[in-house]
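Here the structure is laid out as C-alpha coordinates; the discussion comes afterwards.
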Amino acid sequence: MLRKTLRFIRKLIVKTVIFFIVSTVLAVVFYKFFPVYVTPLMVIRCCEQVANGESIRWHHTWVPLSEMSPSMPVAVMGSEDARFLQHHGFDYDAIEKAMEHNRTHENKHGASTISQQTAKNVFLWPQRSWLRKGLETYFTVLIELLWSKQRIMEVYLNSIETGDGIYGVEAVSRKNFDMPSKRLSRSECALIAATLPNPRKFDSAHPSRYIQKRRWQIERNMHLLPEFPK
(Lines give C-alpha, C1' and ligand atoms only; values in the text may rest on other atoms or scores of the structure.)
Protein backbone atom coordinates (compact mmCIF):
# COMPACT_ATOMS: atom_id res chain seq x y z
CA MET A 1 0.00 0.00 0.00
CA LEU A 2 2.79 2.40 0.94
CA ARG A 3 4.68 1.51 -2.23
CA LYS A 4 1.61 2.25 -4.39
CA THR A 5 1.09 5.58 -2.62
CA LEU A 6 4.71 6.62 -3.17
CA ARG A 7 4.50 5.57 -6.83
CA PHE A 8 1.33 7.64 -7.26
CA ILE A 9 2.92 10.68 -5.63
CA ARG A 10 6.03 10.31 -7.80
CA LYS A 11 3.94 10.11 -10.98
CA LEU A 12 1.87 13.11 -9.87
CA ILE A 13 5.01 15.17 -9.27
CA VAL A 14 6.49 14.21 -12.64
CA LYS A 15 3.24 15.06 -14.46
CA THR A 16 2.98 18.37 -12.60
CA VAL A 17 6.55 19.32 -13.51
CA ILE A 18 6.02 18.37 -17.17
CA PHE A 19 2.75 20.33 -17.29
CA PHE A 20 4.44 23.38 -15.73
CA ILE A 21 7.36 23.33 -18.17
CA VAL A 22 5.19 22.77 -21.26
CA SER A 23 2.58 25.39 -20.30
CA THR A 24 5.15 28.06 -19.41
CA VAL A 25 7.17 27.50 -22.56
CA LEU A 26 3.98 27.75 -24.64
CA ALA A 27 3.04 30.97 -22.83
CA VAL A 28 6.45 32.50 -23.56
CA VAL A 29 6.24 31.42 -27.21
CA PHE A 30 2.73 32.89 -27.47
CA TYR A 31 3.87 36.27 -26.17
CA LYS A 32 6.78 36.25 -28.60
CA PHE A 33 4.25 36.99 -31.32
CA PHE A 34 1.17 38.50 -29.64
CA PRO A 35 0.69 41.69 -27.58
CA VAL A 36 0.44 41.52 -23.80
CA TYR A 37 -2.83 43.29 -23.01
CA VAL A 38 -3.19 42.15 -19.38
CA THR A 39 -0.61 41.42 -16.68
CA PRO A 40 -1.01 40.10 -13.13
CA LEU A 41 -0.06 43.53 -11.73
CA MET A 42 -2.84 45.24 -13.67
CA VAL A 43 -5.39 42.82 -12.22
CA ILE A 44 -3.96 43.18 -8.70
CA ARG A 45 -4.13 46.99 -8.89
CA CYS A 46 -7.78 46.82 -10.01
CA CYS A 47 -8.62 44.52 -7.09
CA GLU A 48 -6.89 46.92 -4.70
CA GLN A 49 -8.89 49.83 -6.09
CA VAL A 50 -12.19 47.96 -5.71
CA ALA A 51 -11.24 46.85 -2.17
CA ASN A 52 -10.54 50.50 -1.27
CA GLY A 53 -13.92 51.59 -2.63
CA GLU A 54 -12.32 53.44 -5.56
CA SER A 55 -13.30 53.47 -9.21
CA ILE A 56 -11.13 51.31 -11.46
CA ARG A 57 -8.27 53.14 -13.16
CA TRP A 58 -6.76 51.20 -16.06
CA HIS A 59 -5.01 53.07 -18.85
CA HIS A 60 -3.09 50.83 -21.23
CA THR A 61 -2.47 50.95 -24.98
CA TRP A 62 -0.16 48.48 -26.70
CA VAL A 63 2.04 49.88 -29.47
CA PRO A 64 4.93 48.26 -31.36
CA LEU A 65 8.44 49.36 -30.49
CA SER A 66 8.69 50.99 -33.93
CA GLU A 67 5.89 53.39 -32.94
CA MET A 68 7.70 54.65 -29.84
CA SER A 69 10.34 57.34 -29.67
CA PRO A 70 13.77 55.78 -30.39
CA SER A 71 14.98 57.56 -27.25
CA MET A 72 12.65 55.56 -24.99
CA PRO A 73 14.62 52.27 -24.95
CA VAL A 74 17.85 54.22 -24.41
CA ALA A 75 16.25 56.15 -21.53
CA VAL A 76 15.20 53.02 -19.62
CA MET A 77 18.62 51.49 -20.24
CA GLY A 78 20.20 54.65 -18.85
CA SER A 79 17.92 54.43 -15.83
CA GLU A 80 17.51 50.72 -15.18
CA ASP A 81 19.97 48.53 -17.06
CA ALA A 82 22.90 50.03 -19.00
CA ARG A 83 24.26 46.60 -19.98
CA PHE A 84 20.92 45.28 -21.30
CA LEU A 85 22.30 44.62 -24.79
CA GLN A 86 25.39 42.83 -23.45
CA HIS A 87 24.10 40.47 -20.74
CA HIS A 88 21.94 37.38 -21.11
CA GLY A 89 19.32 38.26 -18.54
CA PHE A 90 21.46 38.76 -15.44
CA ASP A 91 24.03 41.49 -14.81
CA TYR A 92 26.46 39.77 -12.44
CA ASP A 93 28.60 42.89 -12.01
CA ALA A 94 25.55 44.85 -10.87
CA ILE A 95 24.51 42.01 -8.54
CA GLU A 96 27.96 41.96 -6.95
CA LYS A 97 27.97 45.74 -6.49
CA ALA A 98 24.46 45.67 -4.99
CA MET A 99 25.44 42.93 -2.53
CA GLU A 100 28.52 44.87 -1.51
CA HIS A 101 26.46 48.05 -1.01
CA ASN A 102 23.69 46.28 0.92
CA ARG A 103 26.15 44.79 3.40
CA THR A 104 27.10 48.24 4.66
CA HIS A 105 24.05 50.44 3.94
CA GLU A 106 20.48 50.51 5.19
CA ASN A 107 19.07 51.75 1.87
CA LYS A 108 19.13 48.59 -0.21
CA HIS A 109 20.01 48.56 -3.90
CA GLY A 110 18.49 46.10 -6.37
CA ALA A 111 20.14 44.68 -9.47
CA SER A 112 17.17 43.48 -11.52
CA THR A 113 17.71 43.76 -15.23
CA ILE A 114 15.10 44.80 -17.78
CA SER A 115 14.79 41.12 -18.70
CA GLN A 116 14.06 40.16 -15.08
CA GLN A 117 11.55 42.97 -14.68
CA THR A 118 9.82 41.91 -17.90
CA ALA A 119 9.58 38.31 -16.69
CA LYS A 120 8.10 39.50 -13.39
CA ASN A 121 5.68 41.98 -14.97
CA VAL A 122 4.23 39.59 -17.53
CA PHE A 123 4.16 36.25 -15.74
CA LEU A 124 4.36 36.85 -11.97
CA TRP A 125 3.19 38.95 -9.05
CA PRO A 126 4.94 42.01 -7.47
CA GLN A 127 5.40 40.84 -3.86
CA ARG A 128 8.91 39.64 -3.03
CA SER A 129 9.51 36.07 -1.94
CA TRP A 130 12.01 33.30 -2.61
CA LEU A 131 9.39 31.47 -4.68
CA ARG A 132 8.74 34.49 -6.89
CA LYS A 133 12.47 35.14 -7.26
CA GLY A 134 13.03 31.55 -8.34
CA LEU A 135 10.21 31.72 -10.89
CA GLU A 136 11.49 35.09 -12.06
CA THR A 137 14.89 33.52 -12.75
CA TYR A 138 13.22 30.68 -14.67
CA PHE A 139 11.11 32.99 -16.84
CA THR A 140 14.08 35.31 -17.42
CA VAL A 141 16.07 32.42 -18.86
CA LEU A 142 13.10 31.46 -21.06
CA ILE A 143 12.53 34.91 -22.56
CA GLU A 144 16.25 35.42 -23.13
CA LEU A 145 16.34 32.10 -25.02
CA LEU A 146 13.11 32.53 -26.99
CA TRP A 147 12.75 36.31 -27.49
CA SER A 148 15.03 38.85 -29.12
CA LYS A 149 16.31 41.84 -27.16
CA GLN A 150 13.98 44.00 -29.23
CA ARG A 151 10.97 41.89 -28.20
CA ILE A 152 11.97 41.97 -24.53
CA MET A 153 12.25 45.76 -24.69
CA GLU A 154 8.94 46.07 -26.55
CA VAL A 155 7.08 44.00 -23.97
CA TYR A 156 8.81 45.80 -21.10
CA LEU A 157 7.88 49.26 -22.38
CA ASN A 158 4.28 48.16 -22.91
CA SER A 159 3.80 46.42 -19.55
CA ILE A 160 5.62 48.54 -16.96
CA GLU A 161 3.62 50.55 -14.43
CA THR A 162 4.09 54.22 -15.36
CA GLY A 163 1.61 55.90 -13.02
CA ASP A 164 -1.42 55.33 -10.82
CA GLY A 165 -3.52 53.02 -12.99
CA ILE A 166 -1.28 53.73 -16.00
CA TYR A 167 0.62 50.95 -17.75
CA GLY A 168 3.08 51.25 -20.59
CA VAL A 169 4.82 54.14 -22.30
CA GLU A 170 2.04 54.90 -24.79
CA ALA A 171 -0.59 55.34 -22.07
CA VAL A 172 1.55 57.63 -19.91
CA SER A 173 2.62 59.65 -22.95
CA ARG A 174 -0.97 60.31 -23.98
CA LYS A 175 -2.19 60.99 -20.43
CA ASN A 176 0.70 63.11 -19.12
CA PHE A 177 2.07 64.71 -22.31
CA ASP A 178 -1.01 64.62 -24.57
CA MET A 179 0.87 63.01 -27.46
CA PRO A 180 1.69 59.56 -28.83
CA SER A 181 4.92 58.06 -27.51
CA LYS A 182 6.51 58.32 -30.96
CA ARG A 183 6.65 62.12 -30.54
CA LEU A 184 8.30 62.10 -27.10
CA SER A 185 11.51 64.09 -26.91
CA ARG A 186 14.72 62.70 -25.47
CA SER A 187 14.17 64.72 -22.30
CA GLU A 188 10.56 63.51 -21.90
CA CYS A 189 11.67 59.90 -22.33
CA ALA A 190 14.26 60.42 -19.59
CA LEU A 191 11.58 61.98 -17.39
CA ILE A 192 9.31 58.93 -17.74
CA ALA A 193 12.26 56.62 -17.03
CA ALA A 194 13.09 58.66 -13.91
CA THR A 195 9.73 57.79 -12.33
CA LEU A 196 9.94 54.03 -12.85
CA PRO A 197 11.35 53.08 -9.43
CA ASN A 198 8.04 54.25 -7.90
CA PRO A 199 5.60 55.44 -10.60
CA ARG A 200 2.64 55.76 -8.23
CA LYS A 201 4.61 58.18 -6.04
CA PHE A 202 6.48 60.09 -8.73
CA ASP A 203 4.54 61.86 -11.49
CA SER A 204 6.15 62.60 -14.86
CA ALA A 205 3.46 65.23 -15.51
CA HIS A 206 4.45 67.19 -12.40
CA PRO A 207 8.06 66.17 -11.64
CA SER A 208 9.56 67.01 -8.27
CA ARG A 209 13.08 68.39 -7.91
CA TYR A 210 14.26 64.86 -7.14
CA ILE A 211 12.77 63.52 -10.38
CA GLN A 212 14.21 66.44 -12.35
CA LYS A 213 17.64 65.58 -10.94
CA ARG A 214 17.18 61.93 -11.89
CA ARG A 215 16.15 63.01 -15.39
CA TRP A 216 19.39 64.98 -15.81
CA GLN A 217 21.39 61.97 -14.61
CA ILE A 218 19.58 59.66 -17.03
CA GLU A 219 20.14 62.05 -19.94
CA ARG A 220 23.87 62.05 -19.15
CA ASN A 221 23.83 58.25 -19.09
CA MET A 222 22.00 58.18 -22.42
CA HIS A 223 24.86 60.04 -24.09
CA LEU A 224 27.15 57.12 -23.16
CA LEU A 225 24.87 54.47 -24.64
CA PRO A 226 24.45 53.43 -28.28
CA GLU A 227 21.17 53.80 -30.15
CA PHE A 228 18.86 50.85 -29.57
CA PRO A 229 18.97 48.47 -32.57
CA LYS A 230 15.77 48.25 -34.64
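The values are calculated or read from the model by the stated rules, or taken from the named source; none is laboratory data. In this text the structure is predicted, and so the values were computed from the model without any measurement. Note: ideal-geometry Cβ built from the backbone for every residue, glycine included; neighbour counts use all protein chains shown. The area values use the complete protein model at the heavy-atom level, side chains included, leaving out ligands, DNA and RNA. Shrake-Rupley method; radii C 1.70, N 1.55, O 1.52, S 1.80 Å.
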Lys133, sole failed condition from (1) surrounded by fewer than 16 Cβ atoms within 10 Å (Cβ to Cβ); (2) touching a Lys or Arg at 6+ places or on another chain (Cβ under 6 Å):
(2)
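Table: residues versus (1) under 21 Å from Glu161 (Cα atoms); (2) in contact with a Leu (Cβ under 9 Å, 6 or more places away or on another chain); (3) aromatic (Phe, Trp, Tyr); (4) surrounded by 12 or more Cβ atoms within 10 Å (Cβ to Cβ).
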| site | (1), (2), (3), (4) |
| --- | --- |
| Asn198 | yes, no, no, no |
| Lys201 | yes, no, no, no |
| His206 | yes, no, no, no |
| Ile211 | yes, yes, no, yes |
| Ile218 | yes, yes, no, yes |
| Met222 | no, no, no, yes |
| Phe228 | no, yes, yes, yes |
Of the residues in the stretch 184-208 that are among the aliphatic types (A, V, I, L, M) and assigned to a helix (DSSP H, G or I), the one that is nearest to Trp58 (Cα to Cα) is Ile192
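Conditions (1) open to solvent by 40 Å² or more (accessible area, probe 1.4 Å); (2) on the phi < 0 side of the Ramachandran plot; (3) part of a helix (DSSP H, G or I), marked per residue:
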residue: Pro126; (1), (2), (3): yes, yes, no
residue: Leu145; (1), (2), (3): yes, yes, yes
residue: Val155; (1), (2), (3): no, yes, yes
residue: Lys175; (1), (2), (3): yes, yes, yes
residue: Lys182; (1), (2), (3): yes, yes, yes
Of all the residues that make up the stretch 31-54, how many are assigned to a loop (DSSP other than H, G, I, E, B), open to solvent by less than 50 Å² (accessible area, probe 1.4 Å) and farther than 13 Å from Phe123 by Cβ?
1
Yes/no for Met77 being closer than 24 Å to Glu219 by Cα, at pLDDT 95 or above and more than 15 Å from the chain's Cα centre (by Cα)
no
Scan the stretch 202-228 residue by residue and report those that are in contact with a Ser or Thr (Cβ under 8 Å, 6 or more places away or on another chain) and of a type in the set (Lys, Arg).
Arg214, Arg215
